[in-house]
1. Restricting the search to the stretch 291-317, which residues are crowded, with 22+ Cβ neighbours inside 10 Å and either more than 20 Å from residue 223 (Cβ to Cβ) or not assigned by TED's automatic domain parsing to the domain that holds residue 280 (or both)?
2. Among the listed residues 147, 139, 156, 130, which satisfies the condition of being free of Cβ contacts under 8 Å to residues at least 12 places away in the same chain, away from the ligand (no atom under 16 Å from the Cβ) and not β-branched (Val, Ile, Thr)?
3. Looking only at the stretch 72-98, filter to residues that are assigned to a helix (DSSP H, G or I) and crowded, with 20+ Cβ neighbours inside 10 Å; which one of those is farthest from the ligand (Cβ to nearest atom)?
4. Of these, 264, 227, which one is more than 23 Å from residue 56 (Cβ to Cβ), assigned by TED's automatic domain parsing to the domain that holds residue 404 and buried (at least 20 other Cβ atoms within 10 Å of the Cβ)?
5. Looking at 398, 429, 379, 363, which is the one that is over 30 Å from residue 298 (Cβ atoms), within 20 Å of the chain's Cα centre (by Cα) and surrounded by 22 or more Cβ atoms within 10 Å (Cβ to Cβ)?
6. Quick one: which of 324, 282, 242, 234 is touching a helix residue (DSSP H, G or I) at 6+ places or on another chain (Cβ under 6 Å), modelled with pLDDT of 95 or more and not aliphatic (A, V, I, L, M)?
7. List every residue pair whose Cβ atoms sit under 7 Å apart, with the two residues 6 or more apart in sequence or on different chains, where the first one lies in the stretch 160-188 and is within 23 Å of residue 61 (Cβ to Cβ) and of a type in the set (D, E, K, R) and the second, anywhere, is modelled with pLDDT of 95 or more and not in a helix (DSSP H, G or I).
8. In the set 342, 426, 412, which member is outside the structural domain of residue 305 (by TED's automatic domain parsing) and among the aliphatic types (A, V, I, L, M)?
Amino acid sequence: MSKKFWSSLIAILLLSAVVLTACGGAAPESPAEEAAPAEEESMEMEDAQVEVFSWWTGGGEAAGLDAMIEVFGAEYTDVEFVNAAVAGGAGTNARAVLASRLQAGDPPDSWQGHAGQELIGTYVVGGQIEALNDLYDAEGWVDVMPETLIPLISHEGNIYSVPVNIHRANVMWYNPTVLSDNGVEVPATMDEWFAAMDTLQAAGVTPLALGEQWTQLHLLETVLLGSLGSDAYDGLWDGSTDWASAEVTAALDDFAKVLTYTNSDAASLSWQDASQLVVNGDAAFNVMGDWAAGYYIELELTAMEDYGWAPTPGSVGVFQFLSDSFTLAVGAPHPEGAEAWLKVAGSKAGQEAFNPVKGSICARTDCDPSLFGEYLQSAMEDWGSNTVSGSLTHGVVANDSWKSEIDTALGLFVAGQDVAGFQDALVAACASSGPCK
Ligand code: GAL
């Protein structure tokens, strides 16, 4: 893993690496203090409920959530699970609904957030979620969660939220038959990718499937990574890479070129629609996080026959990650139910049920690899051996204001194709919301 990445993030996260044992006494009160064996709890919690908020409503995502709800239901028979999921990939709709509920003082008991700046820079700083140090102590989670992840869910000595998975953002999915029919090898570099897409385009095949705007931001972050390399990419988020530099101009030129290979109806397609174009043979490539693997599992497709995968061009050896992490709301209407949910989300049984279906690997380090399919086993190996960088679209490297400024600049760029104007807007975004002040 890249030491620079982790040290930068740790710095961004206000030096919040935690030695739990040293600060347990200073932690705010948490429901874990009343921790009791599950059976006793379920009796005590008669008529109890928990409302859990996410955006997992379909395409492999709901199946993963359902698998974890089943584990929850078996363990907490008397707690009603209220599924408050709001549809829309990457939480574009859900996060707006969540923001208005929080604003109105009507929080769900627990919601899905992303480890990193989204969690720390938005919910912790906003005083909207509880610290969970006591639950971590009681459940022994510090020993089973990756050391590298703890700083991304910590602030000033407290741990916030329970990571349920690790997803990979920089995956290029492809249709093996479309590639071989056109004599195209799986590209590993940006230049190889452009050459492959020229061949496919000349043959009348859509080279790259693309969907709505957040998937375009997702594509942008992977092109920045592939074009700049992981050190310079990581530097974008800690201020050590100059957004006005020639290397960023070159990366944005690459992005502009990549867009010329995409379908014209991108804006109206969901991420599942774009994934579908590849397996239907209507497009050769799609860049998407590995929740696409969950979708392909749900469609009962065969790995390396119906779909193949490789790191996005230029990012071989880099694992650009994100982690879904469940919170406990300040003012949760059902704190006991929320604690029960968090226990399941952090448990081996919960994570082993959820992840093989969701298309992610466990956040916990002790899950049984044999439960996972071929793609996810390869992801586990890469997570353990690759350099690690963080995702922009999915909350790791930038807080919500910075990300939203970048997203606005992207929208203008896609409409107008002005690379210089795009770069100026990105420089300005780093100055107003990032570390470039
Ligand atoms: C991400 C989330 C994933 C997946 C994806 C597409 O932000 O972390 O779990 O749901 O959005 O909706």
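1. 293, 294, 295, 296, 307
2. 147
3. Ranking the candidates gives 72 first.
4. Every option except 227 fails the conditions.
5. From the options 398, 429, 379, 363, the qualifying one is 398.
6. Of the residues listed, the single one that is touching a helix residue (DSSP H, G or I) at 6+ places or on another chain (Cβ under 6 Å), modelled with pLDDT of 95 or more and not aliphatic (A, V, I, L, M) is 234.
7. From the stretch 160-188, the pairs are 168/289; 168/290; 168/319; 168/320; 168/321.
8. Step by step, each of 342, 426, 412 is checked, and only 342 is outside the structural domain of residue 305 (by TED's automatic domain parsing) and among the aliphatic types (A, V, I, L, M).
The values are calculated or read from the model by the stated rules, or taken from the named source; none is laboratory data. For clarity, every value in this text was computed on a predicted model and none was experimentally measured. Cβ: placed from backbone, ideal geometry, glycine included. Neighbour counts: every protein chain shown.
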